[in-house]
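Engineer: After the C-alpha cells below, expect a handful of questions from me.
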Amino acid sequence: LSGEHISEVLKVTRAAVWKHMEKFRAVGYDIEAVPHLGYRLKSIPDKLLPDEITAGLKAGVFGREIYAYESTKSTNDIAYGLAEKGAAEGAVVIAEKQERGRGRLGRKWISPSGGVYMSCVIKPDILPREIQEFTLVTALALCDAIRIVTGLKPGVKWPNDVYINGKKVCGILTEMKAETDRIDFVIVGIGVNVNTGQGMLPDTATSLKKEKGCHVSRIDIARQILMELESKYFLFRRDGFQGMRKAIKALSCTIGNRVEVATHNSRYAGLAEDIDNEGALIVKMPGGECRRVLSGDVTLKGGV
Ligand code: BT5
C-alpha cells in the first residue's frame, strides 16, 4: 500500500505513517518500504500479540480483554488476581513463557517459549462440584481447536489432558474461588506444546510441531481455542454436560483402556468403561464391580 493511501485512510500525516511503521518494526513486523511504491508487510512476529489474536476472532466473550506477558510466573495466578479485582468473564491472560507454570496438586508445568500458556476467567452458574465437567468440556474445545488448525486428531485423556499418539500435548488446570454452593469465578488454565522443543519436554509429552512435522502458528491456535471455548461454554450453559457427553466420549482415549487410578487415598487398576453424566470416570474392577472416579490421576496401561 502506498504511504499516501494509508495516510488518507487513517487520516494521519505521511510522517505519522512512517513513525507507526517504525514502531511495528520494533515489535518484529517485517515491513518493506520501497520509495514511490509504498509499504509491504512481509511477515508478522511469532508472538502472541493480542491484536493478532483478536483479528478474525469470532467470539463475543472470550478474549474481549487479553493481557499478554512476555514472561510471568503463572498465568493462572495473574488471572485469579484480575478476577478478584472484578475482571469480566472472558478476560484472558496469555504468556510467551512461564517461570513457575503449575499443574495439579503442586506439580510443575514445563513452560518454555514455543508453547501457548493462557488462562481465562469464567463465571459459570454451576455448583462447585460440577466444575470437573467443565474441565472435560475445555478438553473437548482444545481437541476441536487443534484439529481445525492442524488437521491432527487429538483425544481427551480423563480428566484434564489432551493426547496425540499416546503423548500429552495439552494440560488443563481449573481453579476457582467458591463457597459451598456458589462459584465466584473459575480460572481455566491451558498449556499447549505448540512449537516447544522436544528436548525441553518430558518423555511422556509431545508438541504440535513434532506431530505435524512443521511449525504451527501459535496465534491461530490461541484464537481457535478461544472460539471453541466460547461455543462449548455456551452449549454447556444451555444443555449442561449431558449435551456434550457423547462428543467427549467419542474423543476419549481413556475409555476402553486398562487404567491405573490414583486418588488421594487409594490406588487400583481396572477397565475404564464410561464417563457418566457428571463427568465421572467409570472403572470396572476385575471382580466386575464398578467404581466411580470423580477426581484423581489415571495412567493408561498398555498404550493409548
Ligand atoms: C496439568 O497438570 O496438566 C495442568 C497443566 C496446566 C498448565 C497451564 S499453562 C497456563 C496455566 N498457568 C499455569 O500455571 N498452569 C496452567 P497435571 O495433570 O498435574 O500434569 C502435570 C504433569 O504433566 C507433570 O507432572 C509432568 O509429568 C507433565 N508435564 C509437565 N509439563 C509438561 C508439558 N509442557 N507437556 C506435557 N506434559 C508436561
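The values are calculated or read from the model by the stated rules, or taken from the named source; none is laboratory data. No experiment lies behind these values; they were computed from the predicted model shown. Note that we place each Cβ from the backbone using ideal geometry, even for glycine, and neighbour counts take in every protein chain shown. For the accessible areas, the whole protein counts, side chains as well, though only heavy atoms, and no ligand, DNA or RNA atoms are used. Shrake-Rupley method; radii C 1.70, N 1.55, O 1.52, S 1.80 Å.
Engineer: For the list (1) among the basic types (Lys, Arg); (2) more than 10 Å from the ligand (Cβ to nearest atom); (3) part of a loop (DSSP other than H, G, I, E, B), I need the number of the one condition that residue 129 fails.
Structural biologist: (3)
Engineer: Could you tell me whether the stretch 128-140 includes any residue that is open to solvent by 10 Å² or more (accessible area, probe 1.4 Å) and farther than 17 Å from residue 248 by Cβ?
Structural biologist: yes
Engineer: Another one. If residue 60 passes every condition in (1) open to solvent by less than 60 Å² (accessible area, probe 1.4 Å); (2) more than 16 Å from the ligand (Cβ to nearest atom); (3) within 30 Å of residue 18 (Cα to Cα) but one, which one does it miss?
Structural biologist: Only one criterion in (1) open to solvent by less than 60 Å² (accessible area, probe 1.4 Å); (2) more than 16 Å from the ligand (Cβ to nearest atom); (3) within 30 Å of residue 18 (Cα to Cα) is unmet by residue 60, namely (3).
Engineer: Something else: If the requirement is being within 12 Å of the ligand (Cβ to nearest atom) and under 27 Å from residue 277 (Cβ atoms), which of these qualifies: 135, 196?
Structural biologist: Working: 196 fails: under 27 Å from residue 277 (Cβ atoms).
The unique qualifying residue is 135.
Engineer: Going through 48, 142, 105, 127 one at a time, which residue ends up being in contact with a helix residue (DSSP H, G or I) (Cβ under 9 Å, 6 or more places away or on another chain) and either within 30 Å of residue 277 (Cβ to Cβ) or modelled with pLDDT under 95 (or both)?
Structural biologist: The conditions single out 142.
Engineer: A follow-up question, please. What number of residues in the stretch 108-120 are part of a strand (DSSP E or B) and surrounded by 23 or more Cβ atoms within 10 Å (Cβ to Cβ)?
Structural biologist: Narrowing the stretch 108-120 to residues part of a strand (DSSP E or B): 108, 113, 115-120.
Still in the running and surrounded by 23 or more Cβ atoms within 10 Å (Cβ to Cβ): 115-120.
Here the count works out to 6.
Engineer: Answer yes or no as to whether residue 34 is of a type outside the set (D, E, K, R) and open to solvent by less than 20 Å² (accessible area, probe 1.4 Å).
Structural biologist: The answer is no for residue 34.
Engineer: Quick one: would you say residue 41 is assigned to a loop (DSSP other than H, G, I, E, B), surrounded by 11 or more Cβ atoms within 10 Å (Cβ to Cβ) and of a type outside the set (Lys, Arg)?
Structural biologist: no
Engineer: Here's something else I'd like to know. Which residue is least open to solvent (accessible area, probe 1.4 Å), if the candidates are limited to the stretch 155-193 and must be of a type in the set (Gly, Ala, Ser) and more than 9 Å from the ligand (Cβ to nearest atom)? Walk me through it before giving the result.
Structural biologist: Narrowing the stretch 155-193 to residues of a type in the set (Gly, Ala, Ser): 155, 166, 171, 178, 189, 191.
If we keep only those that are more than 9 Å from the ligand (Cβ to nearest atom) too, we end up with 155, 166, 178.
Details: 155: 9, 166: 36, 178: 48 Å².
Checked the stretch 155-193; the qualifying residue least open to solvent (accessible area, probe 1.4 Å) is 155.
Engineer: Taking the stretch 9-24 on its own, how many of its residues are surrounded by 13 or more Cβ atoms within 10 Å (Cβ to Cβ) and closer than 23 Å to residue 45 by Cα?
Structural biologist: Summing the residues that are surrounded by 13 or more Cβ atoms within 10 Å (Cβ to Cβ) and closer than 23 Å to residue 45 by Cα in the stretch 9-24 gives 6.
Engineer: Working only within the stretch 84-107, note down all residues that are within 6 Å of the ligand (Cβ to nearest atom), in a strand (DSSP E or B) and open to solvent by 70 Å² or more (accessible area, probe 1.4 Å).
Structural biologist: 102
Engineer: Follow-up. Counting just the residues of the stretch 286-304 that are under 28 Å from residue 128 (Cβ atoms) and of a type in the set (D, E, K, R), which one comes out least open to solvent (accessible area, probe 1.4 Å)?
Structural biologist: 297
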